Every structure is written in structure tokens, then in C-alpha cells.
Amino acid sequence: MARYVAIDPHFVLSEKNRFGTFLINSLKQKKEIIQSDLHCKIEGESLNVVIPPYLETHYGIFIPKKNQFRFNSFLLDEFNDRMMDFVLPRMNGNKGDIRKALLEFRSIYGIYEDDLPYKTLEKQWERKYARSTASLSA
């Protein structure tokens, strides 16, 4: 996501990109927000979101946990699609093509071994590739 929109030090919610549109449609009005509403135990990085006053007034300030999980799934799907788009054209049938492409993909996105081990990325690739080839042959 950071490659396409500014998120440092925070992501300012806007309808100018698909991530913002998704989150805006997730906003809910809530009269009383308790502390547990604001934190969701999700592994990985946190995304600090700034909600401009006009969005807060018209849509709300609360994003339900269910929608937080859906947003994470949305980001994972986006990541996997980008990975497929990057790796597939680099497969020439030579041994090591996939490994080289996955490592290059990880490097381009600034993902380190500690963030996402190669074996984990390879397994993600295998699952996504298997699903895509299965859907093509069906």
C-alpha cells in the first residue's frame, strides 16, 4: 500500500484511491466509543488513519473490527495479485526463475527476510499459482 499512497506517518483518508474508498465505506457512526473498539489484535504492521472532519461528520469515525479484518484481506489479495503480475512474466522455464523473481519482488517492495521469510513468500506464490491455474482449467 505504501508504494501507491502516502502512509508515513499516517494515512489520510480520501476517496482518491481504492484503499481510502474501502475504509470510507467501512466508517460507522457511534455515539460512545470504548477503548477496546479502537484496537484490534491483528498480526503485522499497524496503519494509523486520519479521518478528515467532513468524513467524520458524514460517515462516522468508527471502523468495526469485522471491516478491519476485511481490509486486511483486501490488502493481502492486492499483495498476491501484484506478486502474480510481477512473477509470471519472469517465468521462462529456467531453473531458479521463480526464486529470483520472488526475491526481486520482495526487494522492490522493501520487504526483508525478517518481515516475510522467503519460504513463506514461496508458499503464498504456490497457493496463488495453484488457484489461478485451477480456475483457468475449470
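The values are calculated or read from the model by the stated rules, or taken from the named source; none is laboratory data. These figures come from a predicted structure and were not determined experimentally. So basically every Cβ, Gly included, is an ideal-geometry build from the backbone, and we count neighbours across all protein chains shown.
Suppose we keep only residues that are over 19 Å from Phe69 (Cα atoms) and either touching a helix residue (DSSP H, G or I) at 6+ places or on another chain (Cβ under 7 Å) or acidic (Asp, Glu) (or both) within the range 13-58. Which one would you say is modelled with the lowest pLDDT? So, considering only residues that are over 19 Å from Phe69 (Cα atoms) and either touching a helix residue (DSSP H, G or I) at 6+ places or on another chain (Cβ under 7 Å) or acidic (Asp, Glu) (or both), the one modelled with the lowest pLDDT is Glu32. All conditions but one from (1) without any contact (Cβ under 8 Å) to a residue 24 or more places away in the chain; (2) of a type in the set (Ser, Thr, Tyr); (3) touching a strand residue (DSSP E or B) at 6+ places or on another chain (Cβ under 9 Å) apply to Ser73; the one that does not is (3).
The residue of the range 123-138 that is nearest to Ser73 (Cα to Cα), among those that are of a type outside the set (S, T, N, Q) and either in contact with a Gly (Cβ under 7 Å, 6 or more places away or on another chain) or surrounded by 14 or more Cβ atoms within 10 Å (Cβ to Cβ) (or both), is Lys128.
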